[in-house]
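The values are calculated or read from the model by the stated rules, or taken from the named source; none is laboratory data. This structure is a prediction, so every number in the text was calculated from the model and none was measured. Cβ placement follows ideal geometry from the backbone for every residue including glycine, while neighbour counts extend to all protein chains displayed.
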Amino acid sequence: MLKNTFRLLLLLAVITISTDCYAFQSKKGKKGKKGKNIQAPAKKPGKNKDTILPYGKVITKKAKSDKGLFTVHNLDNKYYYEIPDSLLNREMLMVTRIAKTATGIGFGGGKQNTQVLRWQRKNKQILLRVVSHQIFAADSLPIHEAVENSNFEPILYAFPIKAFHKDSISKTTATVIDVTSLYKKDVKALGFPSRRRKQYKISKLDDSKSYIDTIRSYPLNIEARHVKTYSAGEPPSNSSTGSISLEMSNSMILLPKTPMKRRYFDQRVGWFARGQTDYGLEAQESKTVRYLDRWRLEVKDEDLEKFKRGELVIPKKQIVYYIDRATPEKWRKYIKQGIEDWQIAFEQAGFKEAIIAKDPPTVEEDPDWSPEDVRYSVVRYLASPIPNANGPHVSDPRSGEILESDINWYHNVMTLLRNWFFVQTAAINPQAQTVAFKDEVMGKLIRFVSAHEVGHTLGLPHNMGSSVAYPVESLRDPEFTKKYGTAPSIMDYARFNYVAQPGDGDVALMPAVGIYDKHAIRWGYRPILDQTAKGEKKTLDSWILEHQNDPMYRFGRQQFGVIDPSSQTEDLGDDAVNASTYGIKNLQRIVPNLIKWTAEEGKNYDDLGTMYRQVLGQYNRYMGHVSSNIGGVYEYFKTYDQEGAVYTHVTKANQKRAMKFLHEQLFATPAWLLDKNIFDKIESAGNIERIRGTQVRTLNNLLDHGRMARLIENEALNTKDAYTLLDMMTELRSGLWSELSSGRSIDVYRRNVQRAYVDRMEFLMTKEQPKIPENFRRFVVRTNVNASQSDIRAVVRAELNTLRRNTRSAIARTGDRMTRYHLQDIVERITSILEPKK
């Protein structure tokens, strides 16, 4: 027995040795010259990318460290994040913007992407996960588990853990990772988005021309700047390089541990809002709830009784805007005034000094102060040729709380203001009868734009329905305009008072923070104590219903493709025909003075050309304001407890007035625009084409598929009270071709617009409604129609037949040879449309 046991042990030993040798040879060794097995050298510590090293081996004394939300280390052009354990799994908002751009690609500060992220430790890695708040159910509900299972957080990036740091002083632990590749590689969520890449046919990131510029850490945010160079098939500028270079900015902001109480959206009061699908509601369907973007304005505990008594109180945390150090000294006070103009609106919400403007500390006072620190909202003054300003903000997607806002103020916004103020007020305003405004005049205009942009940062969108609240004649009244400005809301594009006429007196020329703005701020910001977000609704509704029939309190959304003529950009007053008639009278006063008002010794005529084009642009706006009434449908938001329709068609009488205006002011050659003295100084040729373009733009706007569909629907719904498609088409043809019955000669401007009419009719006969470009689908609202199966082509065919018949009859009556050639050509064009050759 013992002998057999010994043999068995010996056999097992042999098997074990053989197995070890086999494994040894194949995995860890190789044969030397004499066939002997040679053991592979042991791996040095740190060579394995998964090896976690002592902190001092990773973050050496050479590292440049920046303490803040995370400590950021820069070592040999590599960047490391040191993430405290307390911030793992905390939600952070990543906002990706273009910091610096190439010509033709947006503007610096343009937001490209927004995502909520969380850093999560898993085994030997830190995972950067994308968090979605699009769907929701309270964790107390059974359906919460289903929502969680449908909302698995994708991994944006995975980082091997390099080291741990245990701070003996603070008794905290942190994890160290190398984040260099996150910003150097082509991570699309943090770079140029896919929708923009298609536009320029970007194929790949060029690593050799991409780099990290800076990564800085602040108490509540981390700011990364990195340059990306992409290979591009169609770059918008510098095409010989075959590439696009951009500097991207990524702001990672820590979200509050406790989200702010929401306030729910109501379309009757304009507000920037965000949506979330809530599966925990009692409704028998999934519903999207929307809530406002707004600052967290709260009453201090010690001021609660004062607030309840109706006294104004200073909020726990004020909204503070700093003026960029780069801002020219002479403009700073005007920008500050525009910011603090909103104080009067916040008084309606129960607060005083709720919003204030400050100069930033000097470098000597605070060398670490930076406009990129999320604790500071800044009006950023940018040396850019872009003639604009914008007011973006960053908000918590869970609650809508605005965390920070930087207003981008481009230097050339002053050029835009000068052009508007000149062309809209110079006829009655001596201060605008020059191209070099005094500082005080420009300062007032800067204050106006500052207040408008601040309104956006408070949560207010454009209110394009505001400017129609005032009767046109009231805009000529000094007493009325001094009290109410030119519109009830500074958030409208009610620029300057183009209605007022010489002799009207000292009328106000621009809007200010007005009645609607105060109403909106009260509705969005006034605390409703001891109520939940849902419990506030009854009170909020009552504030709207208090003023439901007052046009000064109306909100009208911005349209891209105008359907509602009472909610347009750049218009004034409640009657577009009257207001535009006054506006044209003022333009007719400006044109003869353009040379005098732009003159300066030793200067060329560039400013004259610019201002003439501004006149033409303003004239175009008037045509748009009026033409939108034809086929127009008013939109007045209401709820079930309010009487009346939400949508009503423009009256037949107003549509007929609009058509008459267009024939008189546009399609009849506008001779007052044809000033030979101006043309001789600004161009060798081009005035005929310019007038043609102006007329054709409005003509094509009238003969639009959607507008024609609304006219058809109006007739179907309102029968004899409707302005019909046949009404419009008959009146348009009769006016455009009035020479056919009289035998008059047709001038070159009329010949051009008549040819454009035939071209557009051919388009309607042969083409379907154009598709909206993918990039604009979420902005453009229009009436859709299938042209081939509607009445449109039948009516167009009948109109072309009538026109051909009338044109043939007119050819023999005209004594002008060019007119005869033109009419013969028209007959041939119509025939080719109606009788195409196969």
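Laid out as a table, the results:
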| item | result |
| --- | --- |
| Lone unmet requirement of (1) in a strand (DSSP E or B); (2) farther than 24 Å from Thr258 by Cα for Val95 | (2) |
| Cβ pairs under 7 Å, 6+ apart, first in segment 344-361 and under 16 Å from Ile490 (Cβ atoms), second among the acidic types (Asp, Glu) | Ala345/Asp517; Ile355/Glu340 |
| Filter result (in contact with a Ser or Thr (Cβ under 8 Å, 6 or more places away or on another chain) and not hydrophobic (A, V, I, L, M, F, W, C)) within segment 158-192 | His165, Lys166, Asp167, Thr172, Lys184, Lys188, Gly191 |
| Pair list, Cβ < 7 Å and 6+ apart or interchain, from segment 551-573 residues that are under 22 Å from Glu473 (Cα atoms) to residues that are in a helix (DSSP H, G or I) and of a type outside the set (A, V, I, L, M, F, W, C) | Met552/Tyr516; Tyr553/Tyr516; Tyr553/His519; Gln568/His625; Glu570/Arg621; Asp571/Ser467; Asp571/His625; Leu572/Ser467 |
| Residues of segment 377-402 that turn out to be assigned to a loop (DSSP other than H, G, I, E, B), modelled with pLDDT of 90 or more and in contact with an Asp or Glu (Cβ under 8 Å, 6 or more places away or on another chain), as a count | 2 |
| Val187 vs. criteria at pLDDT 95 or above, among the hydrophobic types (A, V, I, L, M, F, W, C) and at negative phi | no |
| Residue pairs meeting the criteria (Cβ under 7 Å; at least 6 apart or on separate chains; first closer than 17 Å to Asp564 by Cα and surrounded by 11 or more Cβ atoms within 10 Å (Cβ to Cβ), in segment 711-722; second acidic (Asp, Glu) and at pLDDT 95 or above) | Ile712/Asp791; Ala722/Glu715 |
| Hey, Tyr757 surrounded by 12 or more Cβ atoms within 10 Å (Cβ to Cβ), closer than 30 Å to Pro565 by Cβ and aromatic (Phe, Trp, Tyr) or not | yes |
| Positions within segment 617-642 being buried (at least 19 other Cβ atoms within 10 Å of the Cβ) and aliphatic (A, V, I, L, M), in sequence order | Met623, Val626, Ile630 |
| Meets criteria (closer than 27 Å to Thr258 by Cβ and in a loop (DSSP other than H, G, I, E, B)) for Val374 | yes |
| In segment 300-329, the residues that are in contact (Cβ under 8 Å) with a residue 60 or more places away in the chain, under 24 Å from Gly350 (Cα atoms) and within 26 Å of the chain's Cα centre (by Cα) | Ile319, Tyr321 |
| Hey, Phe164 at pLDDT below 85, of a type in the set (A, V, I, L, M, F, W, C) and either surrounded by 21 or more Cβ atoms within 10 Å (Cβ to Cβ) or assigned by TED's automatic domain parsing to the domain that holds His133 (or both) or not | no |
| Residues (over 22 Å from Gly735 (Cβ atoms) and in a loop (DSSP other than H, G, I, E, B)) located in segment 658-704 | Asp675, Glu683, Ser684, Ala685, Gly686 |
| Segment 403-423, subset part of a helix (DSSP H, G or I) and touching a residue at least 40 places away in the same chain (Cβ under 8 Å), residue surrounded by the fewest Cβ atoms within 10 Å (Cβ to Cβ) | Asn419 |
| Hey, Gly583 in contact (Cβ under 8 Å) with a residue 24 or more places away in the chain, closer than 24 Å to Tyr493 by Cβ and part of a loop (DSSP other than H, G, I, E, B) or not | no |
| Residue satisfying all of: in segment 498-546; acidic (Asp, Glu) and surrounded by fewer than 19 Cβ atoms within 10 Å (Cβ to Cβ); nearest to Asp574 (Cα to Cα) among these | Asp504 |
| Among the residues listed as Tyr622, Tyr634, the single one being under 25 Å from Phe555 (Cα atoms), part of a strand (DSSP E or B) and out of contact with any Lys or Arg (no Cβ under 8 Å at 6 or more places or on another chain) | Tyr634 |
